[in-house]
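Q: One structure, as structure tokens, below. Some questions next.
The values are calculated or read from the model by the stated rules, or taken from the named source; none is laboratory data. Predicted, not measured: the structure shown is a model, and the values here were computed from it. Virtual Cβ from ideal backbone geometry, glycine too; neighbours counted across all protein chains shown. Only protein heavy atoms, including side chains, enter the accessible area calculation; ligands, DNA and RNA are left aside. Shrake-Rupley method; radii C 1.70, N 1.55, O 1.52, S 1.80 Å.
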Amino acid sequence: MSVAPARRLRGKDLVGIDPLTAPEIQLILDTADEMAKIAERPIKKVPALRGKTVVNLFLEPSTRTRFSFEMAEKRLSADSLSFSSSGTSVEKGETLLDTARNLEAMQPDFIVMRHRYAGSPHWLAKLLKSSVINAGDGAHEHPTQALLDAMTIRRRLGRLEGLTVAIVGDLEHSRVVRSNVLLLQRMGATVRVAGPPSLVPAQMEAMGCEVHHRMEDAIAGADVVMMLRIQLERQGKMNFPTVREYYDFFALTPERLRLAKRGCLVMHPGPMNRGVEIDSRVADGPQSVILEQVTNGVAVRMAVLYLLAGGNGEPTAD
Amino acid sequence: MSRLLIKHARVIDPSQRLDEGLDVLVVDGRIARLAERIEERGAEVIDAAGLMATPGFIDVHTHLREPGFEYKETIASGAAAALAGGFTAVCCMPNTQPVNDSAAVTEFIRKRAEEAGAARVYPIGAISKGQAGEELSEMGEMVRAGAVAVSDDGRPVRHAYLMRRALEYSLLFGIPVVDHCEDPTLVAGGVMHEGAVSTRLGLRGIPAAAEEVVVARDVILAGLTGARLHLAHLSTRQSLEWVRRAKSQGLAVSCEVTPHHLALTDTAVLESSYDTNFKMNPPLRSAEHVAALLEGVLDGTVDCLATDHAPHHADEKALEFDLAPFGVVGLETAVPVTYDLFVRQHKLPLTRFVALWSTNPARLFSLPGGTLKVGSVADMTLLDSEARLPVNPDKFLSKSRNTPFAGRRLRGWPVATILGGKVVWRRERR
């Protein structure tokens with residue numbers, strides 16, 4: 001890579017990829033590579049965040065991302081507690097601001113936050129002293145997902161710069177696509193996106209990516225194909241007709257995958273709808289790195305926590 | 001006999017094509033004389049040297065929130081905010097609780113306004129009962145009680161047949177039907193203008209088309225019925241195209257644009273990082289639309305400016321962008337925002353500027369005022385074109401502070417408002 005890593009992160013928060021510079025992204029990815037080594041040791045724990053407290057505030061259902069953060073926190077020896085919206089004051093009508101202020105009154109160092117409304121971590125980050133980490137805000141950003149995707153690509157293909165990455169699926173409702181477009185382009189990759197025109201947000205090309213309607217046009221010759229989950233729970237029946245027809249035009253099948261570059265990586269942020277956006281033969285096939293993404297997710301989240309706590313990229317020196 | 005003499009003012013009155021240095025004598029609440037030099041013994045004298053004197057500004061689109069939402073605004077606080085913003089009269093929208101869909105509520109509003117003794121308040125009645133969009137409300141009763149127009153503002157009139165009948169029925173009274181043009185099925189839960197910025201921010205967009213399809217429908221129905229149609233807070237290029245088309249066909253179609261839609265673009269939501277004081281309906285549009293609105297004002301397509309003053313409590317705005325209510329206050333910033341924009345930046349002649357805020361609203365809604373002709377009611381606004389002040393929400397007389405202009409330094413502020421020949425508000429000297 002041509003970009004030299006930053007020495008540290010400038011902000012107290014990680015609310016999105018948008019505020020990060022290429023050297024900062026480089027630093028996080030380099031640090032994550034170091035963090036990944038910890039998981040290979042017999043004792044998968046370092047004391048880097050001993051005495052630090054993390055609140056995982058998950059106001060929208062999530063299993064993978066929450067577990068991944070919890071795992072990262074434990075491996076760094078942080079004390080953490082998680083809460084989700086069911087059974088808390090949020091359901092009694094307390095505002096997000098009051099909930100966050102009450103949590104802050106207990107003086108946590110980090111608030112890791114997942115919420116269904118775009119911009120909510122940005123808003124809280126301005127008002128709170130704790131470091132806010134965005135674990136997904138509405139259809140806006142999911143920065144640690146894009147970072148773990150980049151880490152996975154980099155470990156497999158050795159670089160990001162100059163690669164062509166195709167992202168296919170429900171672009172409108174996806175925070176994963178937005179964070180990935182921002183990150184990959186900032187690191188010198190070309191991004192093509194594709195999805196049914198009724199699921200492409202307005203003027204998406206203004207984000208700098210190529211926008212295609214036919215999936216085949218996007219994946220032809222690509223180094224990486226990233227499939228997005230069709231969020232069946234968020235669709236009415238007016239965005240596309242049926243799952244059956246969606247599969248016909250937008251599923252990654254072995255036949256379609258042959259259009260991409262040989263050895264092209266297949267990625268998916270999960271959870272997958274098998275037989276909808278991705279064929280099981282591809283999801284479980286030799287080009288799939290879907291489970292590596294999950295493994296790398298822990299390392300990336302360790303890196304983010306470590307760096308925001310003031311670390312400088314040498315976690316194992318302790 | 002009470003007498004007020006305003007000396008050395010630059011008098012701007014579009015109704016008489018007047019823009020010159022004059023003295024104005026007011027006797028018993030009415031304009032008595034305009035002349036280069038007037039001496040009147042015993043009159044209260046205002047030295048208005050360096051100031052502009054205009055017919056009182058009129059805001060045809062205000063939400064006073066009373067009855068029902070007095071924690072946001074009351075008729076008294078809103079009418080006081082109007083005076084402090086240079087407005088001598090406001091028309092208030094009916095989306096209160098209960099809705100102003102009856103003579104009783106119309107009378108209540110007028111009574112409260114009289115007690116407040118601040119700006120004149122002209123109620124606008126609801127088109128449909130409860131603004132539910134199903135049955136016509138008693139338009140005639142409300143007009144008798146003092147309503148000057150009807151509107152379901154805050155809610156669009158979804159039902160084309162109801163809109164048609166409302167327009168027809170309004171012919172009986174000659175009042176305008178004011179529509180908030182929005183197709184809710186196209187809004188589809190959107191919270192800001194649909195475009196590159198909403199995509200970037202991951203917020204659901206409100207396409208320009210959501211407004212335009214209803215503007216087109218309304219213009220066609222105005223043609224069908226021959227009624228007076230006033231289109232509220234237009235925000236898109238195509239909307240103005242439809243107004244031009246209506247006017248070229250000789251239809252009685254008029255429209256208003258708000259200061260915030262003219263002075264701000266959707267990038268404010270990005271730059272402010274989701275500040276809910278930039279959330280309103282219709283939403284701030286992209287630069288292309290804003291340029292079309294500016295052009296529409298300059299070429300005369302836009303008949304008047306209006307605030308769409310929409311007070312909300314700070315607690316209601318301190319929410320996620322998706323959850324916060326739509327709307328911003330405007331009464332106390334509208335005049336400097338638009339003076340700065342049009343007169344200073346776009347060199348709009350002052351008579352045209354005053355027409356947009358006074359003469360035209362008075363004509364469109366058949367209200368007293370909008371003129372300084374001898375014999376007319378002495379509602380006046382005094383403006384200081386050189387005053388350069390920051391917008392300070394803490395000093396608002398409105399109960400609410402939800403302005404998108406906090407901290408902006410603007411030039412051209414009202415310094416006094418005169419109502420029926422009495423000075424009812426003066427800006428404190430700093």
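Q: With viscosity set to 0.692 mPa s and temperature to 37 °C, compute the Stokes-Einstein D of chain B, Rh being the Kirkwood radius across alpha carbon pairs; µm²/s, no decimals. Walk me through the intermediate numbers first.
A: Details: Rh = 21.5 Å.
In µm²/s, the coefficient is 153.
Q: Debye calculation, C-alpha points only, no solvent: report log10 I(q)/I(0) for the protein assembly as shown at q = 0.11, 0.12 Å⁻¹, in the same order as the q values.
A: Log10 I(q)/I(0), no solvent term: -1.11, -1.22.
Q: Hey, could you pull the Cα Rg and Dmax for region B:342-422, both in Å?
A: 14.8, 41
Q: With the crude spin-label approximation of a point 7 Å out along Cα→Cβ, what separation in nm comes out for residue A:102 versus residue A:249?
A: Result: 4.7 nm between the two label points.
Q: Using the charge dipole of the protein assembly as shown (Lys, Arg: +1 at Cβ; Asp, Glu: -1 at Cβ; taken about the Cα centre), state which of A:246, B:269, A:165 has its Cα farthest towards the positive end.
A: Farthest towards the positive end: A:165.
Q: In whole angstrom, how far apart do the alpha carbon centroids of region B:122-192 and region A:90-132 sit?
A: Between the Cα centre of region B:122-192 and that of region A:90-132, the gap is 41 Å.
Q: Moving on to the next point. Report the charge-dipole magnitude of region A:10-131 in Debye, nearest 20, computed about the Cα centre from +1 at each Lys and Arg Cβ and -1 at each Asp and Glu Cβ.
A: Values: 18 positive and 16 negative charges, 56 e Å.
The dipole of region A:10-131 has a size of about 260 debye.
Q: In units of 2.2 N^0.38 Å, what is the alpha-carbon radius of gyration of region A:119-260?
A: Ratio of Cα Rg to 2.2 N^0.38 Å: 1.09.
Q: Under 25 °C and 0.890 mPa s, how fast does region A:209-318 diffuse according to Stokes-Einstein, given a Kirkwood radius computed over C-alpha pairs? Answer in µm²/s, whole number.
A: My calculation gives 153 µm²/s for D.
Q: With every protein chain left in place, what is the accessible area per residue of region A:1-117 in square angstrom, probe 1.4 Å? List each step's numbers first, then the result.
A: Numbers: 5720 Å² over 117 residues.
For region A:1-117, the solvent-accessible area averages 49 Å² per residue.
Q: Here's another thing I want to ask about it. Taking 8 Å as the Cα distance limit and 6 or more residues as the minimum spacing, I'd like the relative contact order of chain B as a percentage.
A: 20 percent
Q: Just subtract the alpha-carbon distance of residue A:7 and residue A:40 from 0.36 nm times their residue separation and send over the number in nm, one decimal.
A: Once the chain is fully extended between residue A:7 and residue A:40, it gains 9.3 nm.
Q: Also, I was wondering about something else. Region B:35-136: which trypsin sites (Lys or Arg not before Pro) are DSSP loop and have at most 14 other beta-carbon atoms within 10 angstrom?
A: Values: sites: B:37, B:41, B:65, B:72, B:110, B:111, B:112, B:120, B:129; in loops: B:37, B:41, B:65, B:72.
Qualifying residues, ordered by number: B:37, B:41.
Q: Quick one: work out Rg over Rh on the C-alpha atoms of region B:236-393, Rh as Kirkwood radius.
A: Details: Rg = 16.9 Å, Rh = 17.1 Å.
A ratio of 0.98.
Q: Over both sides of the B-A contact, add up the buried accessible area with a 1.4 Å probe and give it to the nearest 100 Å².
A: For B against A, buried area totals roughly 1600 Å².
Q: So, one more: Under a 1.4 Å probe, what is the accessible area of chain B per residue, stated in Å²?
A: 36 Å²
Q: So, one more: Please state the Cα pair-distance histogram of region B:1-134 with 10 angstrom bins from zero: what percent is in each bin?
A: 12, 32, 25, 19, 10, 1, 0
Q: What whole number of Å gives the distance from the Cα centroid of region B:1-70 to the Cα centroid of region A:28-48?
A: 76 Å
Q: Please give me the summed charge of the neighbours of residue B:58: other residues whose Cβ is under 9 Å from its Cβ, Lys and Arg +1, Asp and Glu -1.
A: Working: positive: B:120; negative: B:59, B:379.
Result for the local shell: -1.
Q: Further question on the same structure: What list of ³J(HN,Hα) values in whole Hz, one per residue of region B:355-369 in order, does the Karplus curve 6.51 cos²θ - 1.76 cosθ + 1.60 (θ = phi - 60°) give from phi, with Gly and Pro shown as x?
A: In residue order, the calculated couplings are 4, 5, 9, 9, 5, 5, x, 4, 5, 5, 9, 6, 9, x, x Hz.
Q: Using only the alpha carbons of region B:224-285, what is the convex hull's orientation-averaged projected area in square nanometres? Intermediate results must be reported in sequence, preceding the final value.
A: Details: hull surface 18.8 nm².
Directional mean of the projected Cα hull area for region B:224-285 stands at 4.7 nm².
Q: Taking amide H atoms as placed 1.01 Å from N in the peptide plane, list the residues 5 or more away in sequence, or in a different chain, whose amide H sits under 5 Å from that of residue B:29.
A: Long-range HN contacts for residue B:29: none found.
Q: Taking the Cα centre of region A:227-273 as origin and charging only Cβ (+1 Lys, Arg; -1 Asp, Glu), how large is the dipole, in debye to the nearest 20? Mind showing how you got there, number by number?
A: On the way: 8 positive and 4 negative charges, 37 e Å.
Dipole about the Cα centre, nearest 20: 180 debye.
Q: With every protein chain left in place and a probe of 1.4 Å, what is the accessible surface of residue B:70, to the nearest 10 Å²?
A: 70 Å²
Q: Of B:72/B:111; B:7/B:373; B:111/B:247; A:12/B:317, which pairs sit farther than 28 Å apart, going by alpha carbon to alpha carbon?
A: From the list (B:72/B:111; B:7/B:373; B:111/B:247; A:12/B:317), the Cα-Cα distance tops 28 Å for B:111/B:247.
Q: Largest first, please: the extent of the C-alpha atoms of chain A along each principal axis, to the nearest Å.
A: Over chain A, Cα extents along the principal axes are 52, 46, 36 Å.
Q: Tell me the carbon and sulfur percent of the accessible area for chain B, rounded to whole percent, probe radius 1.4 Å. Spell out each step's value before the answer.
A: On the way: 7630 of 15650 Å².
Solvent-exposed carbon and sulfur of chain B make up 49 percent of the total.
Q: Counting only protein heavy atoms and using a 1.4 Å probe, what share of the accessible area of region A:125-283 belongs to carbon plus sulfur, as a whole percent?
A: Numbers: 2910 of 5850 Å².
In region A:125-283, the share of accessible area belonging to carbon and sulfur is 50 percent.
Q: Against the longest alpha carbon principal axis of chain A, how many degrees, from 0 to 90 and to the nearest 10, is the axis of helix A:175-186 turned?
A: Computed tilt is about 90 degrees.
Q: Separate question: What residues of region A:197-235 lose no less than 30 Å² of accessible area with every protein chain in place versus their chain by itself (probe 1.4 Å, heavy atoms only)?
A: Listed in order, they are A:202, A:203, A:207.
Q: Here's a follow-up. Let me know the charge dipole size of chain A about its Cα centre in debye, to the nearest 20, where only the beta-carbon of Lys, Arg (+1) and Asp, Glu (-1) is charged.
A: 540 debye
Q: Can you check how the C-alpha radius of gyration of region A:3-149 compares to 2.2 N^0.38 Å, as a plain ratio?
A: Details: Rg = 15.3 Å, N = 147, 2.2 N^0.38 = 14.7 Å.
Scaled against compact globular proteins, the figure is 1.04.
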